[in-house]
Structure formats: C-alpha cells, structure tokens
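*Asks:* So that we are looking at the same thing, I have put the structure below in structure tokens.
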Amino acid sequence: MNKPKIVVLGAGYAGLTATRKLAQKLSPEEAEIVLINRHNYHYEATWLHEVAAGTINHNQARYMISDVVNPKRVRLIYDTVVEVKTEDQRVVLENSEVEYDYLVFALGFVTNTFGIKGMEDNAFFIQDIDSARVIREHIEYKFAQYSSGESTDDSDLTVLVGGGGFTGIEFVGELAEKIPELCKKYDIPRNKARIINVEAAPSILPVFEEDLVAYAKKSLEDRGVEFRIGAAISECTEEGFIVGEDNELIKAGTSVWTGGVMGSPVLEKSGFEVFRGKVNVDADLRLPGSENVFIIGDCSWTMDKETGKPYPPTGQLATQEGAHVAENIKNALYGLPLTDFVFDDKGTVASLGISDGIGNIFNGVKLQGKPAAAMKKVVDDRTLLVVGGPKALLKKGKYRPF
Ligand SMILES: Cc1cc2nc3c(=O)[nH]c(=O)nc-3n(C[C@H](O)[C@H](O)[C@H](O)COP(=O)(O)OP(=O)(O)OC[C@H]3O[C@@H](n4cnc5c(N)ncnc54)[C@H](O)[C@@H]3O)c2cc1C
C-alpha cells in the first residue's frame, strides 16, 4: 500500500514547526513528508523590523532549512505555491505540481494596505527578508545622497512609519538606535533627521495597558521619535503621507507602511472562503468541510472559546498551531479522534530598540525598560530553539549580553 503523503506549505513558524514535529512523530514507513517553501531558508519574521532598520544583519535573521530538517526524511522543495486544488488534492507550484493526502497550509502573512491610495506603489513594506533589506538600503542611500550634496532636501532624511501597532512601534524603536549612527557616519546633524510614526487610532500599541503604552511613547519621544496619533492616512504619494482632515502632506525620503497584514493571497486563489484576509478554521484547525486540509498561523483565525473572539495572530500562536497539527495528523493516521487547539498564552513583549521594551508575561506580570529588553531576547532565543532546534539557537541566538 502507498504511504500517506503529507505536504506542508510554508517554512515559517507554523510550517517549520509542523514539519519537524511530523518528522519526529512519524517513521519513514508511516508517512512521506514534503515541505515546500519559496526560499531555501527560514526567517524570523518577528525580527524583520531589526533587519529593516539595519540594527541586525539580515543573515542573523535567517537559517537554512536543510540545517534543521533532515532532507533524507523530508523532501524539500524550494518553489512558490500558486494555488491549491482541493478537488483533486493537488498543489500547483510555479515550476511543478505536487499531490497530497494531507495538506498543511502555512503560507503566512502579506501586508494589507486596506486600499489606501498610492500605498502599494509608494510605500515600503516589512514582510520578508528581501523587503526588509530594501528598506535598510534605501534609508542609507538617502543619507548618502544628502551627505554628498546630491540632495539638499532635509525631508530626504525623514523616515515616516504608518501604523502604531506592534510592527510600527518596534520598527521606530530600532530606528531610534540606527538614525543617530547614520547621522554620525554621514556627518549629518542629528536634528535634521526625523522619525515620524503616524497612527489613525487614538492610541498606539492596542495590545498593552495604558501605563505600558505611556512608558513606550515617552521613551521613544525622549529618543527623538515624533508621533502623529489620531491622524488617518488618506494617501501615500512619492513625497510622503497625506494625513488628517486638512490633508497635510508629511514629506519623507522613506515611507514605510506597517498598518496591517492578511493571510497569503493563495488562500483566495484556491477558492477558500476568507474573512478579513484569513480562513476561519474549525477548532481542530481543519478547513471547514475538509477532512485532510489544515490551515494554520497567519492564514487562519482560530477561535478562543472563552472570549468568543479569534486569538491575535502571532509567531507564538503559529508555532503552537504547528505542533498541534502534527499531533492531529498523527491521530488521523492512527484512526484516533482529532483534538481541539487551545492556545497557551505565555505573554507579549515588544522591543523599543536594543535595550528597552515593554511586556506583559505570565498572566499579568508587567515589564518595562531593560528587563523587558532582556526578556525579549529570551523569547527570541526560545523561539529559535522551539522552531529550529539547538542548531538554530547556537547559530543565530541573541544570548550575548548587551
Ligand atoms: C516586524 C514584525 C514583528 C513581529 N513581532 C512579533 C512578536 O514580537 N511576537 C509574535 O508572536 N509575533 C510577532 N509578529 C507576528 C509574526 O511574525 C507572525 O504572526 C508569524 O510570522 C506568523 O507565522 P507563520 O508561520 O504563519 O507565517 P510566516 O512567518 O509569514 O511564514 C510563512 C512562510 O511561507 C513562505 N511563503 C509565503 N508565501 C509563499 C508562497 N506562495 N510559496 C512558497 N512559500 C511561501 C514564506 O517565505 C515564509 O517562509 C511580528 C511580525 C512582524 C512583521
């Protein structure tokens, strides 16, 4: 009899965890495992704001998949997924096609501009290694042009960040470290370079309590970050953002949009029913009405039965879902019932640059300043260990003291 074939799409937190757990739980005689990813590396999506600001090198935020997954056990295919054809259990890739018995769909997030005019064409996005790298290079290019006299427009030294959520605030925190460095490198007075965060809502960082948000805002302002809170962006032009009711143009050399994400466009292309950019999955993480397709990580909404609301999409959630899917696929192969996913929330920590941060851990313990920054490094290292194993931690860990 043919072995069942399990195909995992995406080697992010969700897909890589699912693959490694499947390889641990199932012998080669029990199932064939295939992992498909666009690149031959996994990247730490939660570190991309550091890559974009240039406070870490992009190579620190990625590792080779073949270093943490045994290619003799798991067939690795580096290609782009175009579409899933559930009716004949087939995945269409740019360069080939693959059939499956079980499918784990874990293609992650893309930036959502909510249709804001000009955003797609004129703003940079933080969504993978290449897009983050381009931002770092662009900011530095603008400083170099100004320094050489090629540009005399002070607004070329402004970095404008749309969105005061997790990504936007962590990014301006890194910029508060990097911009003074660039000013020194290019002999530019620090007061000429601006970092401006624009947020339409009445507050930044909605996931944290008021006192932590106030701490974060003051800490960033003290280091030169300017906030435009309650200012909706109506358009992004080549020159910058148009904000507020009086259509003020805030000019910048670099405009970055971090205001929203949604699941992979492959979901819709495959005909899955999508709500606010993601699929509402069953409690056991399966696509509704499907026996053998699981959708996890940033591509799905998973309901918290206690609150009746979906869990916020995070790397932590994606990793736990990856492990749960592996267990459920094993159950399915053994003819056992599938179990419902329950999120074990270990807390949230946001960095505000290299040695500052805020956090809420272990159900209500609040952290700010250096302890939060240290905790963030612990979280980052733990993720390396859980998702990639000891090799990933040893090669890319942030355990060096700051
Ligand atoms: C700057 C930033 C900071 C963040 N900070 C935190 C944090 O502190 N804590 C936290 O918990 N969460 C954080 N998040 C959110 C977290 O990164 C996401 O929730 C998480 O990455 C989702 O994991 P995933 O496995 O679903 O998808 P991803 O990490 O997006 O992985 C998807 C994988 O699929 C691949 N892929 C995508 N499309 C295709 C295709 N068509 N074909 C082939 N391969 C494809 C990608 O290359 C990637 O390898 C942050 C996000 C950002 C951007």
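*Asks:* Among the candidates 322, 353, 347, 359, which residue alone is modelled with pLDDT under 95 and touching a Gly at 6+ places or on another chain (Cβ under 7 Å)?
*Replies:* On the way: 322 fails: modelled with pLDDT under 95; 353 fails: modelled with pLDDT under 95; 359 fails: modelled with pLDDT under 95.
When all the criteria are applied, what remains is 347.
*Asks:* Of the residues in segment 92-127, how many are within 11 Å of the ligand (Cβ to nearest atom), of a type outside the set (A, V, I, L, M, F, W, C) and within 20 Å of residue 236 (Cβ to Cβ)?
*Replies:* Residues that pass the stated criteria total 2.
*Asks:* For segment 231-240, give me each residue that is open to solvent by 50 Å² or more (accessible area, probe 1.4 Å) and either assigned to a loop (DSSP other than H, G, I, E, B) or outside the structural domain of residue 175 (by TED's automatic domain parsing) (or both).
*Replies:* Of everything in segment 231-240, those that are open to solvent by 50 Å² or more (accessible area, probe 1.4 Å) and either assigned to a loop (DSSP other than H, G, I, E, B) or outside the structural domain of residue 175 (by TED's automatic domain parsing) (or both) turn out to be 232, 238, 239.
*Asks:* Enumerate the pairs (first residue in segment 1-19 and within 18 Å of residue 334 (Cα to Cα); second residue anywhere and part of a helix (DSSP H, G or I) and open to solvent by 10 Å² or more (accessible area, probe 1.4 Å)) with beta-carbon separation below 8 Å, excluding pairs fewer than 6 apart on the same chain, so at least 6 apart or on different chains.
*Replies:* From residues that are within 18 Å of residue 334 (Cα to Cα), the pairs are 4/333; 18/323.
*Asks:* So for segment 79-96 (the condition being in a strand (DSSP E or B), open to solvent by 60 Å² or more (accessible area, probe 1.4 Å), more than 24 Å from residue 170 (Cα to Cα) and not hydrophobic (A, V, I, L, M, F, W, C)), does at least one residue qualify?
*Replies:* First, the residues of segment 79-96 that are in a strand (DSSP E or B): 81-85, 90-93.
This time we only want the ones that are open to solvent by 60 Å² or more (accessible area, probe 1.4 Å), so: none.
So far as segment 79-96 goes, no, none of its residues is in a strand (DSSP E or B), open to solvent by 60 Å² or more (accessible area, probe 1.4 Å), more than 24 Å from residue 170 (Cα to Cα) and not hydrophobic (A, V, I, L, M, F, W, C).
*Asks:* Another question, if that's okay. Hey, can you tell me all the residues within segment 180-194 that are of a type outside the set (Lys, Arg) and surrounded by fewer than 24 Cβ atoms within 10 Å (Cβ to Cβ)? Walk me through how you get there before you give the answer.
*Replies:* Applying the first criterion (of a type outside the set (Lys, Arg)) to segment 180-194 yields 180-183, 186-189, 191, 193.
Result: 180, 181, 182, 183, 186, 187, 188, 189, 191.
*Asks:* Suppose we filter 73, 90 for residues that are within 20 Å of residue 272 (Cβ to Cβ), outside the structural domain of residue 393 (by TED's automatic domain parsing) and of a type in the set (Lys, Arg); which single one remains? It would help to see each step written out before you state the result.
*Replies:* Working: 73 fails: within 20 Å of residue 272 (Cβ to Cβ).
Every option except 90 fails the conditions.
*Asks:* In segment 241-300, which residue that is in a strand (DSSP E or B), within 22 Å of the chain's Cα centre (by Cα) and β-branched (Val, Ile, Thr) is farthest from the ligand (Cβ to nearest atom)?
*Replies:* Step by step, filter segment 241-300, then rank; the result is 254.
The values are calculated or read from the model by the stated rules, or taken from the named source; none is laboratory data. The shown structure was predicted, so the numbers you read here are calculated from the model rather than taken from an experiment. When we count neighbours, we look across all protein chains shown, and the Cβ atoms used for this are built from the backbone with ideal geometry, even at glycine. To get the accessible areas, we keep the full protein, side chains included, count just its heavy atoms, and leave off ligands, DNA and RNA. Shrake-Rupley method; radii C 1.70, N 1.55, O 1.52, S 1.80 Å.
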